[in-house]
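Remarks on the structure that follows.
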Amino acid sequence: MPAAAQPRRTRNNRLVRTLAVLGTGAAVLALPLVGATSAAAAPTTATTASTTPAGYPNNLDGWIRESLAIMAEKKIPGTYNGIYRNVMRESSGNPNAINLWDSNAVKGTPSKGLLQVIDPTFATYHVVGTSFDPYDPVANITAACNYAAARYGSIDNVFGAY
């Protein structure tokens, strides 16, 4: 390639990279709009959407902290790090995760929620004061930790599928 053409190619590459970055930024800005049906569907206050009914942040950190508070009241052992480690392994933090392929699913009882609890285990180890919905993040974490405490001494002692 002639030397005179090289600077133009470099400028074109920079232009393409700059446009790609700008386009990515525009896509990220548009993401909150995906799935929205109307402005009326938005919550009336920021605190409604960003906190749980108990006042914790409505995210993985808040769900774990709320579960830990309930666990402390009920004397269920476990730590933030033990819960977080297991949540990341089991569901990557997705409270709606469901396993439709393992042996539990084949038997008709798929693992559900943040800590992938099957319905019979959730029902047996459900903690009073939490939702009866296995997809509810706080109920799922708390029931799973109650089960892990009974079986392994604590969720902190769980390092694989349980």
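The values are calculated or read from the model by the stated rules, or taken from the named source; none is laboratory data. The shown structure was predicted, so the numbers you read here are calculated from the model rather than taken from an experiment. Note that we place each Cβ from the backbone using ideal geometry, even for glycine, and neighbour counts take in every protein chain shown. The accessibility values were calculated without ligands, DNA or RNA, using every heavy atom of the protein model including side chains. Shrake-Rupley method; radii C 1.70, N 1.55, O 1.52, S 1.80 Å.
Overview of values
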| quantity | calculated |
| --- | --- |
| Surface accessible to a 1.4 Å probe, per residue, for the residues of the range 122-162, Å² | 46 Å² |
| Amide N proximity, the range 85-110 versus Asp119 label position 7 Å along Cα-to-Cβ, cut-off under 15 Å | 98-100, 104-110 |
| Phi to ³J(HN,Hα) by Karplus 6.51 cos²θ - 1.76 cosθ + 1.60 over the range 99-114, Hz, x for Gly, Pro | 9, 9, 10, 7, 4, 5, 5, 4, 7, x, 10, x, 6, 9, x, 4 |
| Spacing of the two label points (7 Å from each Cα toward its C-beta) at Tyr84 and Val106, in nm | 3.6 nm |
| Reachable aspartates and glutamates, given that their alpha-carbon falls under 19 Å from the alpha-carbon of Lys75 and they are not under 8 places away in the same chain | Glu66, Asp156 |
| HN-Hα J in Hz across the range 153-159 - Karplus 6.51, -1.76, 1.60, θ = phi - 60°, x for Gly and Pro | x, 4, 4, 5, 8, 9, 10 |
| Distribution of pairwise C-alpha distances over the range 108-162, 5 Å bins, in % | 4, 25, 33, 25, 11, 2 |
| Amide H contacts of Thr51 (H built 1.01 Å from N, under 5 Å, at least 5 apart or other chain) | Asn58 |
